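The values are calculated or read from the model by the stated rules, or taken from the named source; none is laboratory data. Since the structure is predicted, the reported quantities are computational estimates derived from the model, not experimental observations. Neighbour counts are summed over all protein chains in view; Cβ atoms, including those assigned to glycine, are modelled from backbone coordinates with ideal geometry. Side chains are part of the model used for accessible areas, which takes the heavy atoms of the whole protein and leaves out ligands, DNA and RNA. Shrake-Rupley method; radii C 1.70, N 1.55, O 1.52, S 1.80 Å.
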Amino acid sequence: AQSVTQLDSQVPVFEEAPVELRCNYSSSVSVYLFWYVQYPNQGLQLLLKYLSGSTLVKGINGFEAEFNKSQTSFHLRKPSVHISDTAEYFCAVSRMNRDDKIIFGKGTRLHILP
Amino acid sequence: DAGVTQSPTHLIKTRGQQVTLRCSPISGHKSVSWYQQVLGQGPQFIFQYYEKEERGRGNFPDRFSARQFPNYSSELNVNALLLGDSALYLCASSPPRNTEAFFGQGTRLTVV
């Protein structure tokens with residue numbers, strides 16, 4: 001079985017400062033990794049995904065994440081946040097090459113301070 | 001191309017009633033999944049259908065059921081509603097091998 005742990009439930013950060021949202025996963029098989037963002041009262045939007053290849057993945061809105069297989073981590077980073085980045089961020093995994101469910105973490109709420 | 005569409009967007013039901021939620025996937029996607037998102041939590045997997053067959057079921061009671069139609073749209077049914085069923089219900093469609101899930105805006109169900 002797979003599981004996802006998001007280590008911080010809330011992260012406050014000043015506008016234009018860098019941010020890192022942490023994610024660790026557990027799986028006995030190879031997985032795909034995802035970060036989704038959810039703005040208030042909306043569905044989920046994909047920020048970025050790791051399927052294979054380069055461990056540094058770039059996504060939309062200036063976000064990037066690095067896959068670290070030895071530490072089973074997939075931390076999300078942005079060098080300079082904007083007030084519009086205020087949202088809930090979810091890390092997720094699914095088994096590779098399978099038409100299968102996606103397992104989500106509990107989410108990290110990003111608070112941007114003026 | 002239209003994204004994943006869900007209807008209705010909001011719904012209020014009374015305890016004990018039954019509800020049907022609907023989802024239309026992105027054109028060409030044969031896989032549809034349903035998730036329940038309780039306030040303050042991540043989405044929890046309920047069902048997955050692929051080519052009209054159930055491929056997976058999460059840890060939900062038998063009050064929850066779903067089906068997929070020949071055009072790949074899907075319905076989620078919940079019987080004998082409980083207060084705890086109040087949540088955002090999300091539908092997602094995926095291309096083959098599940099390399100990405102595209103989510104709809106969700107249906108906000110409130111049980112009173």
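Within 12 Å, Cβ to Cβ, of residue B:83, how many net charges do the neighbouring residues add up to if Lys/Arg are +1 and Asp/Glu are -1? It would help to have the intermediate numbers written out before the result.
Numbers: positive: B:13, B:15; negative: B:85.
Computed value for this residue: +1.
Counting Lys and Arg as +1 and Asp and Glu as -1, what is the net charge of the other residues whose Cβ lies under 15 Å from the Cβ of residue A:64? Working shown, then result.
Working: positive: A:22, A:49, A:58, A:77, A:78; negative: A:20, A:66, A:85.
Computed value for this residue: +2.
Pop the C-beta distance of residue B:15 and residue B:51 into the FRET formula with R0 = 35 Å and round what comes out to the nearest 0.05. Provide the component values of the computation, followed by the final result.
Numbers: r = 36 Å, r/R0 = 1.02.
Step by step, r from the Cβ atoms, then E = 0.50.
Estimated at the nearest 10 Å², the accessible area of residue B:30 is 80 Å² with a 1.4 Å probe.
Nearest 100 Å² is fine: what is the total accessible surface buried where chains B and A meet, probe 1.4 Å? Kindly include the intermediate steps, with their values, before the conclusion.
Working: alone 6270 and 6480 Å², together 10890 Å².
Roughly 1900 Å² of accessible surface disappears when B and A pair.
In percent, rounded to a whole number, the relative contact order of chain A is 37, using alpha-carbon pairs under 8 Å and six or more apart.
Across chain B, the fraction of Cα-Cα pairs farther apart than 20 Å, rounded to a whole number, is 34%. A 1.4 Å probe over all protein chains sorts A:60, A:112 by accessible area into A:60, A:112, starting with the largest.
For segment A:9-110, what mean projected area does the convex hull of the alpha carbons give, in nm²?
Details: hull surface 26.2 nm².
About 6.6 nm², averaged over all directions.
Could you give me D for segment A:44-103, from Stokes-Einstein at 4 °C and 1.567 mPa s, where the hydrodynamic radius is the Kirkwood radius over C-alpha pairs? Units µm² s⁻¹, please. For the chosen part, D equals 100 µm²/s.
Per the Kirkwood definition applied to all pairs of different Cα atoms, how many angstroms is the hydrodynamic radius of segment A:6-54? After inverting the pairwise mean of 1/r, the radius is 13.5 Å. Largest first, the extents of the alpha carbon coordinates of the protein assembly as shown on the three principal axes equal 48, 39, 34 Å.
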